[in-house]
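First the structure, in the form of structure tokens, and then the observations on it.
The values are calculated or read from the model by the stated rules, or taken from the named source; none is laboratory data. Bear in mind the structure is a predicted one, so any value in this text is a computation, not a measurement. Cβ sites come from the backbone with ideal geometry, for glycine too, and all protein chains shown count toward neighbours. Side chains included, ligands, DNA and RNA excluded: accessible areas come from the protein's heavy atoms. Shrake-Rupley method; radii C 1.70, N 1.55, O 1.52, S 1.80 Å.
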Amino acid sequence: MSQNRLSQEDWIAAGFRALAKGGSAALRVEAIARDLKTTKGSFYWHFKDLKAFKSAMIAFWKEQATHGIIDELEELPKGRNRLVALIEKASSTPDHYGGNGVEPAIRDWARIDAEVAAALLEIDVKRIAYLQQELNHLGEIEMAHARLFYAAHLGLEQLARTTGQRGEVERLLLLSLMQKQ
């Protein structure tokens, strides 16, 4: 076992990698500790129990995969370029945090965990509202269009996991944006 000091974020990242690879059943202290080449004691140094760990993962995901992206995008000028940047950021999760398999795994997890389901609902509502706000900078857009675009993004991301093809989301966005100009 390694004597390296792991941070809470190291454990969370390992949790996301496990989640993306094996689903919510893979969120087990001993298995994640083994992958990190450390002991369970390191886990309990950072987290009270597995429930606290899972809550920390969800809080981290909410912050990084939504609030952090929105905050970063606010520095860009409104309009087409910001929307393109939004899609690029929303379409890529670093491998250190489980890669693009994390979002679908979280959605699967939400089917069996009420806390995750509540967080997912909150984030979906926030993302759709932000998307509509950004689309409105190109002209009046109905909420239904923002929901449809978000649903297409989620579906194409899921499809990319099985086909290995990426980029459909970006092409769809660019085509729809060019039609608005």
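Both radii were evaluated on the Cα set of region 39-122; the Rg over Rh quotient, with Rh as the Kirkwood radius, amounts to 1.05.
Computed from backbone phi, the HN-Hα couplings of region 66-81 come to 9, 4, x, 5, 4, 4, 5, 5, 4, 6, 8, x, 5, x, 3, 4 Hz, rounded to whole numbers (Karplus: 6.51 cos²θ - 1.76 cosθ + 1.60, θ = phi - 60°; Gly and Pro given as x). Protein heavy-atom accessible surface, 1.4 Å probe, per residue over region 1-118: 55 Å². Taking only protein heavy atoms and a 1.4 Å probe, the accessible area of the chain is 54% carbon and sulfur.
Each 10 Å bin from zero holds the following percent of Cα-Cα pairs in region 5-52: 28, 64, 8. The value of relative contact order for the chain, using C-alpha pairs under 8 Å at least six residues apart, is 23 percent. Computed with a 1.4 Å probe on the full set of protein chains, the accessible area for Arg17 sits at about 80 Å².
Using only the alpha-carbon atoms of the chain as identical scatterers, what base-10 log of I(q)/I(0) does the Debye formula give at q = 0.14, 0.16 Å⁻¹? Scattering profile of the chain, log10 relative to I(0): -0.80, -0.98. Think of the chain as a dipole: +1 on every Lys or Arg Cβ, -1 on every Asp or Glu Cβ, centred on the Cα centre; then among Ile106, Leu86, Phe47, Phe47 lies furthest on the positive end.
Per-residue ellipticity at 222 nm computed for the chain from its helices equals -22000 deg cm²/dmol, with DSSP H segments shorter than 4 residues left out and the rest contributing -39,500 (n - 2.57).
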